[in-house]
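The values are calculated or read from the model by the stated rules, or taken from the named source; none is laboratory data. Quick caveat: nothing in here was measured; it's all calculated off a predicted structure. Cβ: placed from backbone, ideal geometry, glycine included. Neighbour counts: every protein chain shown.
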Amino acid sequence: MVSWQGQRVSGTVRDLSHNGIAVMLPGITEVATEEALIQVPDGIMLRVRPVHVQQRAEMNLTGFKIETIEKGAEQWKRLCSVTQ
């Protein structure tokens, strides 16, 4: 779930690392300039800033830089270590 400017949108995580996350979002371009919160399963909440957007048909692949881990820092570390 991605939240910004009072909106909530479901997306699909395509890639992640300790410093960033890429999420496929449905046809959204305004997220490209706004700080956002991303809620990941297991109680993880990330405050992020978008760094790039790639238009892909009806979807946008948005890459975010993680500014802070608001909740679930240990879970995030474990998730990142599993995906590498």
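Structural remarks
- Number of residues in the stretch 68-80 that are within 16 Å of residue 2 (Cβ to Cβ) and loosely packed, with under 13 Cβ neighbours inside 10 Å equals 1.
- Search result, residues across the stretch 42-75 that are in contact (Cβ under 8 Å) with a residue 12 or more places away in the chain, among the aliphatic types (A, V, I, L, M) and under 14 Å from residue 20 (Cα atoms): 44, 45, 46, 48, 51, 53, 61, 66, 69
- Close Cβ contacts (under 7 Å, 6 or more residues apart or on different chains) running from residues in the stretch 1-30 that are over 13 Å from residue 53 (Cβ atoms) and at pLDDT 90 or above to residues that are surrounded by 12 or more Cβ atoms within 10 Å (Cβ to Cβ) and of a type outside the set (A, V, I, L, M) comprise 16/80; 17/80; 18/80; 19/65; 20/63; 20/64; 20/65; 21/64.
- Answer residue from the stretch 31-80, given it is over 13 Å from the mean Cα position of the chain (by Cα), more than 15 Å from residue 9 (Cβ to Cβ) and among the aliphatic types (A, V, I, L, M) and is modelled with the highest pLDDT among those: 73
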